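The block underneath contains the structure these notes are about, expressed in structure tokens.
Please treat every number below as a calculation from the coordinates, not as lab data. Bear in mind the structure is a predicted one, so any value in this text is a computation, not a measurement. Neighbour counts are summed over all protein chains in view; Cβ atoms, including those assigned to glycine, are modelled from backbone coordinates with ideal geometry.
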Amino acid sequence: MTYQSVNLAYEEHGQGTPIMLVHGFPLNRSIWNPLLPLLENKARLILPDLRGFGQSPVPEGTYTMRLMAEDLRALLDTLKIDKVVLAGHSMGGYVSLAFAQAYPHRLAGLALISTQAAADNPEARASREKTVEEVKRRGLKTLADGMAPHLTCQPALVEPLRKLIMKAKPLGVIGSLKGMAERPNAQEWLPSITVPTVVIAGSEDAIIPIERPRLMAQLLGRAWLVETANAGHMPMMEQPQAVANAILQLISSF
Ligand code: MLT
């Protein structure tokens, strides 16, 4: 199987251990901004926009997690980075797990943030199909209005997140919804991931309940769990210091 990668838009900050921060759905690289002042003196931060989001190309078709992992691999090659720490948020975590399976030798460590390893169940798949139809017919407003209040437990962040979702491109949203719906169950290869891994989750996450990252941490070879109070699905925005500390602990464990 060959995968046609695209050239992702990205920004870089700082120097040191390379860490690639991979945003979730349907967002873009700006979600990581609160972490920049906390990490850029200690690491080289690479922030891509996944295909279909931010300033990256928006191709037609289904964005499988494996295909998006290929885009990350192509960016690492462009930057001549042999091994990287991948910090993946939610869908970015699904992509990071696909990368870990395809390119274990390119991985120095993993931070899995507000994410899970299991595939969608039939209800989740049906709900994604409904959202695809809704976005095709009426654009992003229903998704943005419905999703933003569930992303965070901090009321002040709801409106900025709603606006962020409204910046997404319908084709990118549709491509990644289809890709998430058909992603495989990564639980099968979790035990084979041998790099140090921190699993970070907000205790108030209304999108991915805390039991799922807890289970993922148990199934991983060398993982520890950081549960963050007063955080929902967006701990890098809600509790940036706690997330930065967890990532710093990860890179100091090498
Ligand atoms: C995300 O935050 O990336 C998505 O909500 C994850 C998902 O829909 O499974």
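Work out the FRET efficiency for Gln15 and Ser192 from their Cβ-Cβ distance, taking R0 = 35 Å, and round it to the nearest 0.05.
On the way: r = 31 Å, r/R0 = 0.90.
It comes out at approximately 0.65.
Please list the non-local residues whose amide H lies under 5 Å from the amide H of Val226, H modeled 1.01 Å from N, same-chain partners needing a gap of 5 or more.
Those qualifying (amide H under 5 Å, at least 5 residues apart or on another chain) are Val199, Ile200, Ala201.
What are the chymotrypsin sites (Phe, Trp or Tyr not before Pro) within the stretch 1-96 that DSSP puts in a loop, where the Cβ has at most 16 other Cβ atoms within 10 Å?
Numbers: sites: Tyr3, Tyr10, Trp32, Phe53, Tyr63, Tyr94; in loops: Tyr3, Phe53, Tyr63.
Sparse-neighbourhood loop chymotrypsin sites (Phe, Trp or Tyr not before Pro): Tyr3.
Could you name the aspartates and glutamates in cross-link range of Lys163, using Cα to Cα under 13 Å and dropping any fewer than eight places away on the same chain?
Asp145
Given a 10 angstrom Cα cut-off, can you work out which residue in Ala244, Ala98, Ala156 is the most mobile in a GNM of the chain?
Result for the chain, Cα springs under 10 Å: Ala156 fluctuates most.
Output the relative contact order of the stretch 43-183, whole-number percent, from Cα pairs under 8 angstrom with separation of 6+ residues.
Values: 174 pairs, mean separation 47.6, N = 141.
Worked out over the stretch 43-183, it gives 34 percent.
Calculate one ³J(HN,Hα) per residue across the stretch 188-203 by plugging θ = phi - 60° into the Karplus curve 6.51 cos²θ - 1.76 cosθ + 1.60, and present them in order as whole Hz with x for glycine and proline.
Couplings: 5, 10, 3, x, 8, 7, 10, 7, x, 9, 10, 9, 10, 8, x, 5 Hz.
For the chain, how big is Rg over Rh, using alpha carbon atoms and the Kirkwood form of Rh? Spell out each step's value before the answer.
Details: Rg = 16.5 Å, Rh = 17.8 Å.
With Rg and the Kirkwood Rh in hand, the quotient comes to 0.93.
Can you give the local net charge around Val199? Use residues other than it whose beta-carbon is closer than 15 angstrom to its beta-carbon, Lys and Arg +1, Asp and Glu -1.
On the way: positive: Arg212, Arg214, Arg222; negative: Asp205, Glu211, Glu227.
Net of charged neighbours comes to 0.
Please give the contour-minus-distance gain from Lys136 to Asn41: 0.36 nm per residue of separation, less the Cα-Cα distance, rounded to one decimal in nm.
Working: separation 95, 0.36 × 95 = 34.20 nm, distance 4.30 nm.
Once the chain is fully extended between Lys136 and Asn41, it gains 29.9 nm.
Excluding same-chain residues fewer than 8 positions from Lys42, which aspartates and glutamates have a Cα within less than 20 Å of its Cα?
Correct list for Lys42: Glu11, Glu12, Asp82.
May I ask for the distance between the Cα centers of the stretch 194-236 and the stretch 2-33, given as a whole number of Å?
Using only Cα atoms to place each centre, the spacing works out to 20 Å.
Pairs to check: Lys80/Lys167; Lys130/Lys178; Lys80/Lys169. Give those whose C-alpha atoms are more than 19 Å from each other in this structure. Each step should come with its number before you reach the end.
Numbers: Lys80/Lys167 31 Å; Lys130/Lys178 11 Å; Lys80/Lys169 30 Å.
Beyond 19 Å: Lys80/Lys167; Lys80/Lys169.
Rounded to the nearest 5, what is the percent of antiparallel bridges among the DSSP beta bridges in the chain? Mind dumping the intermediate values first?
Working: 4 of 28 bridges.
Taking every DSSP beta bridge within the chain, about 15 percent pair in antiparallel fashion.
Could you give the size of the charge dipole of the chain about its Cα centre, using +1 on the Cβ of each K and R and -1 on the Cβ of each D and E, expressed in debye and rounded to the nearest 20? Could the numbers behind the result be given before it?
Values: 25 positive and 23 negative charges, 69 e Å.
Charge dipole of the chain: 340 debye, to the nearest 20.
In nm, give the distance between the simple-model label positions of Leu215 and Ile81, each being 7 Å from the Cα along the Cα-to-Cβ direction.
It works out to 3.1 nm between the two label points.
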